[in-house]
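All remarks here apply to the structure that follows.
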Amino acid sequence: MTEQQHNWAGNYTYSAARWHYPTTVEQLQELVSQGSKLRVLGSRHSFNDIADSPEDLISLERFDHIEPVDPERRTVTIAGGVRYGQLCRQLDREGYALPNLASLPHISVAGACATATHGSGDRNGNLATSVAAMELVTADGAVVVLARDQHPDHFPGAVVGLGGLGVVTQLTLDVIPAFAVRQNVYENLPLARLADHFDAITASAYSVSLFTTWRNGLIEQIWLKRRVEAGDAFEAEPDGFGATPAPTHRHPIRALSAVNCTEQMGIPGPWYDRLPHFRLEFTPSSGEELQSEYLIPRPHALTAFHAIDRLRDRVAPLLQISEIRTIAADNLWLSPCYRQDCVSLHFTWKKDWPAVSRLLPLIEAELAPFEARPHWGKLFTLPAARVPSLYPKLPDFQQLLHTYDPQGKFRNAFLDTYIFGVS
């Protein structure tokens, strides 16, 4: 009997009958050709069943090669199992960077892009917007390459592909010159003042995160990540829109030590060691948490904040921390930011799924008027019937899956439910 295996948080047990760890594309092609139901695992940071399969699960952890940067095209090509932490340090040694990173550098690049995972910043798109080309092993075992500039009809649908088109064996990413960042934290901004300053706050740094427990009418922490320019003599403002500078390093959860967080207090450092919230060399937590996230069209952000605040007595007892971020619009079909700037409401819950599962429908009902889209890899209870109204390109995506996987080899319960509306 195969030993039970779990996701990173330990809240989900995979149901696959067989696990595979190929080392070559040829081995992968054979697995795909012979299989009837397959899915691919990244770094296991999804909280739901999006990556599961009842038959075969393929791990690409041994696909970890990173090519040198192509300086003319300003791109880097990586294998499908590479994680951001591996990639970033190599890029920096070559003098290059990615435009943005998520909170954790521990996650796989392919998995993050496939689910439209993001960092923060008014002008920063989600991580998938850096993808310039992708190589797939499709359902018949063929190797297919899709590029942004060569396949405009399929590429925008394939990048945030939810694992449905095939196995991503390579990604080519746009890179930019390496840069430095300084990070400052401010504390205790009254939620009532957020409406007056929200646009100014999110525009005040390259990447901005707001943290709240929804307990006391406060944004407890504002994390400002500013690019350091040549000759920069920046000094932190004594008053950040009504918040005060943190006197020392902070963890987003105030009671926890900041030892595993990236450097703060305005100390400059490389982009890859400031844009995430957590350091690569530390495990950010033991996994004793659950996560949900909803992305709201930016014009509705402040009204959505007040809607959540009305639920504070229900939310706060189950919450560890909530984070608010901004993400720029993109043209990727299954991205929650398709053709609209968004604000994300992220919830890190205590590990109590029965209680959280009762609360999420209340949150989703409050956010429904604002066309909130849940993060594909986190926990939600949104009825599948709502998805078509939220994603105008869903019919095109369905056709794209039929084109590359006509027999549904890479379909699973998650895709059947939320993409094809099959219960």
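The values are calculated or read from the model by the stated rules, or taken from the named source; none is laboratory data. Computed from a predicted structure; not experimentally measured. No Cβ is skipped: glycine too gets one built from the backbone with ideal geometry, and neighbour counts run over all protein chains shown.
Applying the set (1) over 30 Å from VAL25 (Cβ atoms); (2) out of contact with any helix residue (DSSP H, G or I) (no Cβ under 9 Å at 6 or more places or on another chain) to VAL181 leaves exactly one unmet item: (2).
Condition check ((1) assigned to a loop (DSSP other than H, G, I, E, B); (2) in contact (Cβ under 8 Å) with a residue 12 or more places away in the chain; (3) closer than 22 Å to GLN291 by Cα; (4) touching a Cys at 6+ places or on another chain (Cβ under 6 Å)) across all residues:
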| position | (1), (2), (3), (4) |
| --- | --- |
| CYS113 | no, yes, yes, no |
| ASN124 | yes, yes, no, no |
| ALA133 | no, yes, no, no |
| PRO152 | yes, no, no, no |
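The condition of being surrounded by 16 or more Cβ atoms within 10 Å (Cβ to Cβ) and either touching a residue at least 24 places away in the same chain (Cβ under 8 Å) or not aromatic (Phe, Trp, Tyr) (or both) holds for only one of ARG298, ARG254, ARG310, that being ARG298. Looking for something free of Cβ contacts under 8 Å to residues at least 40 places away in the same chain and within 21 Å of ALA16 (Cα to Cα) - is there at least one such residue anywhere in the stretch 91-107? Looking for residues that are free of Cβ contacts under 8 Å to residues at least 40 places away in the same chain and within 21 Å of ALA16 (Cα to Cα), one finds none in the stretch 91-107, hence no. Take the stretch 1-31 and flag every residue that is over 19 Å from SER108 (Cβ atoms), at pLDDT 90 or above and among the aliphatic types (A, V, I, L, M). Of everything in the stretch 1-31, just one residue is over 19 Å from SER108 (Cβ atoms), at pLDDT 90 or above and among the aliphatic types (A, V, I, L, M), namely ALA17. Taken over the stretch 24-53, residues that are out of contact with any strand residue (DSSP E or B) (no Cβ under 6 Å at 6 or more places or on another chain) and free of Cβ contacts under 8 Å to residues at least 40 places away in the same chain amount to 5.
Name the single residue that is nearest to ASP199 (Cα to Cα) among those in the stretch 289-334 being part of a loop (DSSP other than H, G, I, E, B) and touching a strand residue (DSSP E or B) at 6+ places or on another chain (Cβ under 9 Å). Ranking the candidates gives ALA328 first.
Close contacts from the stretch 405-422, counting a first residue that is closer than 16 Å to TYR14 by Cβ and a second that is basic (Lys, Arg), with Cβ to Cβ under 6 Å and a gap of 6+ residues or different chains, come to ASN412/ARG39. Only one of VAL145, VAL175 is farther than 22 Å from PRO395 by Cα and surrounded by 21 or more Cβ atoms within 10 Å (Cβ to Cβ); which? Answer to the selection: VAL175. Restricted to the stretch 1-22, and to residues that are free of Cβ contacts under 8 Å to residues at least 40 places away in the same chain and within 15 Å of GLU61 (Cβ to Cβ), which residue is surrounded by the most Cβ atoms within 10 Å (Cβ to Cβ)? Residue satisfying both the conditions and the ranking: HIS20. When each of ARG227, ARG215 is tested for being surrounded by fewer than 21 Cβ atoms within 10 Å (Cβ to Cβ), under 19 Å from VAL315 (Cα atoms) and of a type in the set (D, E, K, R), the lone residue that passes is ARG215.
One line per residue, one yes/no per condition, for (1) surrounded by fewer than 20 Cβ atoms within 10 Å (Cβ to Cβ); (2) over 18 Å from LEU382 (Cβ atoms):
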{"site": "ALA316", "(1), (2)": "yes, yes"}
{"site": "ILE327", "(1), (2)": "no, yes"}
{"site": "PHE347", "(1), (2)": "no, no"}
{"site": "LEU362", "(1), (2)": "yes, no"}
